[in-house]
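Colleague: Sharing a structure below in structure tokens format, with a few things to ask.
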């Protein structure tokens, strides 16, 4: 359990969930949301995590230093809706120990 | 009326493999898909991406998997209704079904197999306050008849392959093509990007980046779009046009199937996984990503297995009481409906001197 970190996720109904996420299972934030079923199946991670659908868009509320955006994530966000300056694709955020205490909000479903 | 044995809703990998398994049982299939081409997500979302967990393929591109499945089922001559969405289902007195698409095409079959993945792909509509007022009045989310743009002024929005490809295509058809994208970079095949660059230099495509369409102007029909451009200084201006085509990709929605009286859980159709993947309505099956049961995994390889078992149950419904035993293709070969036959070469008996 020592690899687990705590993450706060606000779902699409505005409810805040505090969840534990493993850092050693190559999981990304989208998958953490799915594993806790914080968004209905079929409404998140539609493309499976290829940065090709933006259904896992979230807003980063805490001031964590996150891995830099790659081209495909940036390109997808440039076509997505409801994008803000703090938007990221959950599928591109691999859970790592530096994310302890991360707080995110899921963007609306399109 | 299209008549078939198994009507498959969804032409993705699971639906295509069903054609093969059904064919071995001498059952004919017809497929309906909302997309204009077979392959489902594999063709629409990630044709150039590799898949590593198809048995016996250490690596295969999603688009190639579609091609292989089409080749494998070809001799069973599947019918296709593409670019149409299955809308309603009516159970007949004799237990058969009539499925009607959004375009009114009717299909009649004793067995319906829903292999609909995450649902039918619907265009993603940009958040422009008055866009709904202009749908089919100059705003189209998909290009169905390119000819309708002949000698018209067209504005396309988007930054992916379809925005690029249609801009290129329409530059020869429309009188004026403007492509608007939120950033300077496009994500598409390199040759498409280069072609747009070339057409821009020739003055055949008017490129506006980084910019966004924020409003539509017109009375009963699109007359212009309002564009906000954010390079150096923010400015807002209008571009006169007859058509505005936002191409922001497609997102799957379970859609009308959700109203067919099927038991739905977690955006998926509940099935009997202990037996045959039948739904709560006898004669309607759900296979592949569209179904759910305890322990369900949304994997293509699981869809193949589900399709195979489902076909056995379909055989029983279509041929009640008729004897059948599973045969191995290696032993019995494959007899196509097109008259072709595939079979293992005969062993040669020859004496060794």
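Every number here is computed from the coordinates shown, using simple stated rules; none is lab data. Keep in mind that this is a model prediction, so the values were computed, not measured. Don't worry about glycine lacking a Cβ; one is built from the backbone with ideal geometry, like all the others, and counts go over all protein chains shown.
Colleague: Would you compute, for the Cα atoms of the stretch A:5-106, the largest minus smallest coordinate along each principal axis and list the three values in descending order, in whole Å?
Modeller: 31, 27, 24
Colleague: Which number do you get for Rg(Cα) / (2.2 N^0.38 Å) in the stretch B:131-248?
Modeller: It is 0.98.
Colleague: For residue B:48 and residue B:350, what is the calculated FRET efficiency with R₀ set at 35 Å and r taken between the beta-carbons, to the nearest 0.05?
Modeller: Efficiency, rounded to the nearest 0.05: 0.10.
Colleague: With labels modelled as points extended 7 Å from the Cα through the Cβ direction, what inter-label distance (nm, one decimal) is found for residue A:8 paired with residue B:328?
Modeller: 6.2 nm
Colleague: Translational diffusion coefficient, Stokes-Einstein: compute it for the stretch B:94-199 using the Kirkwood radius over C-alpha pairs as Rh, at 4 °C and 1.567 mPa s, and state it as an integer in µm² s⁻¹.
Modeller: Approximately 77 µm²/s, per Stokes-Einstein.
Colleague: Say R0 is 60 Å: what FRET efficiency, to the nearest 0.05, do residue B:293 and residue B:135 get from their beta-carbon distance?
Modeller: Approximately 0.95, to the nearest 0.05.
Colleague: How much FRET efficiency would the formula 1/(1 + (r/R0)^6) give for residue B:234 and residue B:200, where r is the Cβ-Cβ distance and R0 is 25 Å, rounded to 0.05?
Modeller: 0.65
Colleague: Right, another one. Counting other beta carbons within 10 Å of each residue's own, what order do B:315, B:141, B:328 fall into, fewest first?
Modeller: Ordered from fewest to most neighbouring Cβ atoms within 10 Å, B:315, B:141, B:328 come out as B:328, B:141, B:315.
Colleague: For chain B, take the longest principal axis of its alpha carbons; what is the angle in degrees between that and the long axis of helix B:13-24, to the nearest 10 within 0 to 90?
Modeller: Once rounded, one gets 30 degrees.
Colleague: Let me ask you something else. Test of understanding: in a Gaussian network model of chain A with alpha carbons linked when under 10 Å, which of A:11, A:85, A:98 would top the mean-square fluctuation ranking?
Modeller: Checking each option, the largest mean-square fluctuation is seen for A:85.
Colleague: Kindly provide log₁₀ I(q)/I(0) values, in the same order as q = 0.09, 0.16, 0.18, 0.20 Å⁻¹, from the Debye equation applied to equal alpha-carbon scatterers of the stretch B:244-353.
Modeller: Taken in order of the listed q values, log10 I(q)/I(0) reads -0.42, -0.90, -1.01, -1.11.
Colleague: While we're looking at this one, here's another question. Given the Cα atoms of chain B, and with Rh set as the inverse mean 1/r over their pairs in the Kirkwood sense, what is Rg to Rh to two decimals?
Modeller: That ratio equals 1.07.
Colleague: If you average 1/r over every pair of different alpha-carbon atoms in the protein assembly as shown and take one over that average, what Kirkwood value in Å do you get?
Modeller: 24.5 Å
Colleague: Something else now. Hey, what did the stretch B:131-248 get for relative contact order, percent, Cα under 8 Å, at least 6 apart?
Modeller: 33 percent
Colleague: Counting other C-beta atoms within 10 Å, which of A:83, B:213 has the fewest, and how do the rest follow?
Modeller: Fewest-to-most Cβ neighbours within 10 Å comes out as A:83, B:213.
Colleague: Once both labels are modelled 7 Å past Cα along the beta-carbon direction, what's the residue B:221-residue B:280 spacing in nm?
Modeller: 4.8 nm
Colleague: Ok, one more. Kindly list the residues of the stretch B:1-38 that lie in the label zone of residue B:106, defined by a backbone N under 16 Å from the point 7 Å along the Cα-to-C-beta vector.
Modeller: Inside the label zone: B:1-4.
Colleague: Neighbouring Cβ atoms within 10 Å as the yardstick, rank B:57, B:324, B:149 fewest first.
Modeller: Starting with the residue having the fewest Cβ neighbours, the order is B:324, B:57, B:149.
Colleague: I want to check the label-to-label distance for residue B:183 and residue A:35. Put each point 7 Å from Cα in the C-beta direction and report it in nm to one decimal.
Modeller: Between residue B:183 and residue A:35, the simple spin-label model gives 2.9 nm.
Colleague: Round to the nearest 10 and give me the degree value, 0 to 90, for the angle of helix B:300-318's Cα axis relative to the longest principal axis of chain B.
Modeller: With both axes taken from Cα atoms, the answer is about 60 degrees.
Colleague: Right, here's the next one. What do you get for the angle between helix B:161-170 and the principal long axis of chain B? Use alpha-carbon atoms, 0 to 90 degrees, nearest ten.
Modeller: 60 degrees
Colleague: To the nearest 500 deg cm²/dmol, what mean residue ellipticity at 222 nm is calculated for chain B from DSSP H runs of n ≥ 4 alone, each contributing -39,500 (n - 2.57), summed and divided by the residues?
Modeller: Result for chain B: -6000 deg cm²/dmol, rounded to the nearest 500.
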